[in-house]
Amino acid sequence: MVELSAENVISTQIKLIRKYLKFKIIEDNVSFRGHSQERNHVYDLMKRSIVNGESHSALIIGPRGCGKTTLINSVLSELSKEVDLENDAIIVKLNGLIHHDDKIALKSITAQMQLENAVGDRVFGTFAENLSFLLSCLQSSGNRSAKSVVFLLQEFHMFCKTGRTQTLLYNLFDVTHNKQAPMCVLGVTNQIDVMELLEKRVKSRFSHRHIFIFPNEETEPGATPKSRLDTYTEVLVQLLCVPCAKRVEEKKKGRGRKKSTATEEIEADQSELTIPPEVLSRCKVNPSQFKELDLGFVEDWNAHVLSLASDERVTDALEKLCYYTVNEQIFRNILFQLVSQMSPSKPFIDAGELDSIIDKTVAPEHRVKLLQSLSILELSLVIAMKHGLEIFDGQPMNFEMVLHRYTKFANANSSAQTVPRPVILKAFEHLQSLEIIMPVRSTDSIYNPGETTASRVQKEYKLYTLAVPVDDITEAVKTFKALPTEINHWYYNSVC
């Protein structure tokens with residue numbers, strides 16, 4: 001009975017830690033680290049708009065997964081503790097992928113401002129008239145002071161695509177430019193050349209404030225810059241460690257037992273390890289349930305996380321991840337998979353599993369997905385070249401040789417569609433642009449070793465070789481959806 005109760009205790013602790021870490025990894029979109037200058041800039045713009053009634057506009061630019069939206073959420077969370085956001089301001093969120101039409105955008109703006117009853121059956125001639133009416137409705141009848149409106153435009157570049165008149169952007173920027181009403185417009189995009197997409201009239205109303213968020217510039221000004229590997233290691237520790245709340249209470253009472261080394265390192269800043277209360281309330285989670293976590297078990301878990309971060313296999317795996325992506329969301333998904341595999345029989349994370357998941361996420365998967373994105377004709381040419389290289393002992397092939405093998409297969413299968421030669425040549429050139437096939441270097445040029453045969457012969461007779469491993473081609477064919485049976489059979493049966 002004692003052993004059974006011990007197993008139940010361990011199972012309960014594992015479930016609590018697993019639940020806590022899942023919320024921390026996936027749901028926490030408020031905690032933000034680094035980029036203090038950029039964050040202060042956004043905080044200053046939004047506070048001046050809400051408190052002082054000023055109008056501002058700015059663009060937040062950075063690659064996907066670098067924390068642009070998290071930065072805005074953290075600023076809003078901090079402002080909510082200083083001012084009454086519900087009564088003093090209105091937050092309107094638009095997305096370029098969803099609000100692709102001005103009418104849809106206006107409907108969403110009206111709903112988020114809660115002015116459906118005020119608009120009613122009114123008919124407006126232009127977008128500007130409708131927006132002006134919405135802003136006038138926010139003014140109080142007493143002192144004619146208006147609520148500040150904060151517009152957050154996600155996927156900002158989608159509002160600038162050709163075929164759209166950019167009426168929405170023009171009118172929003174025009175309000176901030178002429179200071180008709182207190183408004184802050186923040187655009188969020190991953191396209192660094194987004195200004196080239198704006199119309200001249202929109203550019204003339206924009207403040208031209210650009211706030212850049214780059215993943216490799218998270219250190220404070222004047223401090224030694226951190227490598228991406230160091231950043232990933234810090235994120236690993238912060239996301240997987242659990243705060244020792246009971247330890248802090250015992251410390252206040254003065255009767256806490258001796259701390260372990262892991263606890264001393266982690267208690268340096270407990271705020272980085274805790275989930276913000278607004279995140280738990282949004283997820284409708286009662287934080288009191290996590291107080292049942294055993295202090296000794298939490299200390300052992302944190303010590304395990306620190307040892308995991310210093311493991312050479314983990315360091316090598318994180319370094320590999322650094323070469324492929326700077327998207328932190330991908331890294332969080334990897335950690336989420338690790339946490340989801342925790343169980344009473346496997347209460348700790350294995351370094352080998354982290355390495356395996358990273359390999360499946362970034363390394364071979366990228367090449368396989370690239371091959372699966374090809375058309376049936378392009379994949380057939382890759383298969384034809386693969387068979388040719390097997391027959392000729394790895395000797396490079398030109399377009400005519402690949403075309404001969406493909407034509408032989410197409411003639412033997414009546415269901416294969418007849419494709420004109422120029423189309424096949426275009427598909428072959430597309431494979432070269434994707435670097436799935438690469439031109440071979442000339443071996444008879446002693447003056448210019450970098451010269452290729454592609455620079456001296458007609459394009460139909462340039463020699464190429466496969467630049468992707470055969471294993472990746474096999475995996476792509478095996479998991480290729482809607483691949484004709486004849487091509488699948490052709491791949492696994494070598495042609496003589």
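Bear in mind these aren't lab numbers, they're just calculated from the coordinates by the rules spelled out. Here the structure is a predicted model, which means the values were calculated and not measured. No Cβ is skipped: glycine too gets one built from the backbone with ideal geometry, and neighbour counts run over all protein chains shown.
For Cys184, the residues whose modelled amide H falls within less than 5 Å of its own, excluding neighbours fewer than 5 places apart on the same chain, are His56, Val149, Val150, Phe151.
Annotation: amide H-H contacts under 5 Å for Phe124 (H modelled 1.01 Å from N, sequence separation of 5 or more, or interchain): none. Our note on the geometry: Cα centres of the stretch 12-80 and the stretch 278-341, 19 Å apart.
Each residue of the stretch 308-320 was assigned a 3J(HN,Hα) from its phi angle through the Karplus expression (A = 6.51, B = -1.76, C = 1.60, θ = phi - 60°), giving 5, 5, 8, 5, 5, 5, 5, 4, 5, 5, 5, 5, 5 Hz with x at Gly and Pro.
Pairs to check: Lys93/Lys284; Lys226/Lys320; Lys24/Lys284; Lys203/Lys226; Lys24/Lys161; Lys161/Lys200. Give those whose C-alpha atoms are more than 26 Å from each other in this structure. Beyond 26 Å: Lys203/Lys226; Lys24/Lys161. Put in line by how crowded their Cβ is, counting other Cβ atoms within 10 Å and starting with the fewest, Leu431, Leu321 read Leu431, Leu321.
Exposure proxy ranking for Lys408, Lys481, Lys68, based on other Cβ atoms within 10 angstrom of each Cβ and starting from the fewest, stands as Lys481, Lys408, Lys68.
What shape does the stretch 36-212 take by its C-alpha gyration tensor, where a ≥ b ≥ c are the square roots of the eigenvalues and a/c under 1.5 counts as rounded, a/b above b/c as prolate, and the rest as oblate? In terms of gyration-tensor shape, oblate.
Shown for Ser380, Ser343: other C-beta atoms within 10 Å of each C-beta, ranked fewest to most, produce the order Ser343, Ser380. Couplings 3J(HN,Hα) of the stretch 169-184, computed from phi: 5, 4, 6, 5, 5, 5, 5, 5, 6, 8, 6, 6, 8, x, 8, 10 Hz, in residue order, whole Hz [Karplus 6.51 cos²θ - 1.76 cosθ + 1.60, θ = phi - 60°; x for Gly and Pro]. In order along the stretch 40-51, the phi-based Karplus estimate (6.51 cos²θ - 1.76 cosθ + 1.60, θ = phi - 60°) of 3J(HN,Hα) comes to 5, 5, 5, 4, 5, 5, 5, 5, 5, 6, 7, 7 Hz; Gly and Pro are listed as x. You can think of it this way: the chain between Gln341 and Asp311 has 8.8 nm of extra reach, that is 0.36 nm per residue less the Cα-Cα gap.
List every residue whose amide H lies under 5 Å from the amide H of Ile211, counting only residues 5 or more places away in sequence or on a different chain, with H placed 1.01 Å from N in the peptide plane. Long-range HN contacts for Ile211: Leu59, Ile60, Ile61. Packing-based ranking of 96-108, 325-337 yields 325-337, 96-108, ordered from highest to lowest mean Cβ neighbour count within 10 Å.
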